[in-house]
Amino acid sequence: MEDVIKRIVEAEKEAEERIERAKEEAKELVLRAKEEAKKLEEEIILEAERKADAMVEKARIEGEEEAKEILKEGEAEINALRAKAAKNFEKAVASGIELIRGG
């Protein structure tokens with residue numbers, strides 16, 4: 001009978017040790033999972049930041065190109081107005097001269 005009690009006590013002790021090892025393994029698993037989740041979160045954030053930077057850069061380049069095109073169009077309009085003004089000035093001078101001559 002004493003052997004039976006001794007085996008029961010040993011079995012209980014082994015069971016408790018297994019439970020403690022399982023708890024430690026579970027803690028390690030949870031800790032590793034948290035570390036991996038944190039690492040994944042950081043990678044996702046870095047990727048999102050890279051994409052956002054690329055989008056901003058693309059928008060900046062497109063804005064610069066659009067501004068250059070608008071400036072080019074504006075310069076063409078200014079040149080056209082200058083040519084028209086010069087032509088009108090020549091007509092006005094000619095008209096003024098003709099008026100002075102009595103014409």
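The values are calculated or read from the model by the stated rules, or taken from the named source; none is laboratory data. Model, not experiment: these values are computed from the prediction. Every residue, glycine among them, receives a Cβ derived from its backbone with ideal geometry; neighbour counts consider all protein chains shown. Note: areas computed on protein heavy atoms with side chains; ligands, DNA, RNA excluded. Shrake-Rupley method; radii C 1.70, N 1.55, O 1.52, S 1.80 Å.
Some observations on this one:
- The residues neighbouring residue 27, those whose beta-carbon lies less than 13 Å from its own, together hold a net charge of -1 under the Lys/Arg +1, Asp/Glu -1 convention.
- Environment charge at residue 39 (Cβ cut-off 14 Å; Lys +1, Arg +1, Asp -1, Glu -1): -3
- Each of 48, 4, 19 was placed along the dipole of the chain (beta-carbon charges, centred on the mean Cα), and the one lying farthest toward the positive end is 48.
- Residue-count net charge about residue 61 - beta-carbon cut-off 15 Å; Lys, Arg +1, Asp, Glu -1: -4
- Computed [θ] at 222 nm, helices only, for the chain once each DSSP H run of length n ≥ 4 contributes -39500 (n - 2.57): -37500 deg cm²/dmol
- Of all accessible heavy-atom area on the stretch 52-103, the percent that carbon and sulfur account for (1.4 Å): 61 percent
- Basic side chains Lys and Arg get +1 at the Cβ, acidic Asp and Glu get -1 at the Cβ, and with that the dipole of the chain about its Cα centre reaches some 1200 debye.
- Projecting the Cα atoms of 99, 85, 31 onto the charge dipole of the chain, computed from C-beta unit charges around the Cα centre, puts 99 farthest toward the positive end.
- With the simple spin-label model, which puts each label point 7 Å out from Cα in the Cβ direction, the residue 37 to residue 83 separation comes to 7.0 nm.
- Per residue solvent-accessible surface (Å²) - the chain, probe of 1.4 Å: 96 Å²
- The stretch 1-23 and the stretch 29-94 have Cα centres lying 73 Å from one another.
- Helix 2-101 vs. the chain, principal-axis angle (Cα, 0 to 90°, nearest 10): 0 degrees
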